[in-house]
1. Compute the projected area of the convex hull of the Cα atoms of region 65-150, averaged over all viewing directions, and report it in nm² to one decimal place.
2. Which order do the peptides 68-75, 128-135, 168-175 take when ranked by the mean count of other beta-carbon atoms within 10 Å per residue, highest first?
3. What per residue convex hull volume, in Å³, comes out for the chain when only alpha-carbon positions are used?
4. Taking Cα centroids, how far is region 12-53 from region 99-132 in Å?
5. About the Cα centre, and with charges only on the beta carbon of Lys, Arg (+1) and Asp, Glu (-1), how big is the dipole of the chain? Nearest 20 debye, please.
6. If you roll a 1.4 Å probe over the chain with all protein chains in place, what percent of the accessible area is carbon or sulfur?
7. Just the accessible area per residue of the chain, please: how many Å² with a 1.4 Å probe?
8. Show PHE141, PHE65 ordered by accessible area, largest first, where the area counts protein heavy atoms only and the probe is 1.4 Å.
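The values are calculated or read from the model by the stated rules, or taken from the named source; none is laboratory data. Since this is a predicted model, take the numbers as computed values, not measurements. Cβ placement follows ideal geometry from the backbone for every residue including glycine, while neighbour counts extend to all protein chains displayed. Areas reflect the complete protein model, heavy atoms only, side chains present, ligands, DNA and RNA absent. Shrake-Rupley method; radii C 1.70, N 1.55, O 1.52, S 1.80 Å.
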Amino acid sequence: MNNEFKTVASSMITIAELMLPSHTNFSGKIHGGYILSLLDQIAFACASKFSGHYCVTASVDTVDFLNPIEVGELVTMKASVNYVGHSSMIVGIRVESENIQTGKVKHCNSSYFTMVAKDEQGNSVQVPGLQLTNDEEIRRFCNCIKQISLKKERDEHEEVFDYKSATSLARLKTYRVQVIAPLI
């Protein structure tokens, strides 16, 4: 059993990459899928550094694309472990882009990945506890607790929700949708 505690600072990883034309989508902006790939890489590095184990992505809990990223901008991603469970960690990632000619910086993305630490046989393994050393770290940890609670509530609702009930079907009439499928 691992009773060790580590600071949030010990998990921090920063990467920076210049955005190239090969990273663009059809509208000439940096492709969201490329950014997601980088996010997954930094989440892995952050969780592995903190836990001391190989880590896998259990879920991508939030990805908010806030501003487009342009070719030629320098993208910086900053990641830290914001929450730990038994074998899981929530990694928060902030993405900024900088126009390297003007120095203007934009907040482009905020993301949260749940990562799970694994041993050599692929079994989940306990991660160190998390030392919270300032108000911002406490705020982030508490926000993760709230996020986990909302996810559990949503999952429980999905399990018991009767989408074929008369009430549910009547509620659909308030949306811009037509129900064509035969009701079973």
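1. Numbers: hull surface 31.4 nm².
Result: 7.8 nm².
2. Values: 68-75: 17.6, 128-135: 13.9, 168-175: 9.9.
Order by mean packing, descending: 68-75, 128-135, 168-175.
3. Working: hull volume 37.1 nm³, N = 184.
Dividing the Cα hull volume of the chain by its residue count gives 202 Å³.
4. 11
5. Numbers: 18 positive and 20 negative charges, 103 e Å.
Charge dipole, the chain, about its Cα centre: 500 debye, nearest 20.
6. Details: 6340 of 11480 Å².
C and S atoms contribute 55 percent here.
7. Numbers: 11480 Å² over 184 residues.
That works out to 62 Å² for each residue.
8. Values: PHE141 45, PHE65 115 Å².
Largest accessible area first, the list is PHE65, PHE141.
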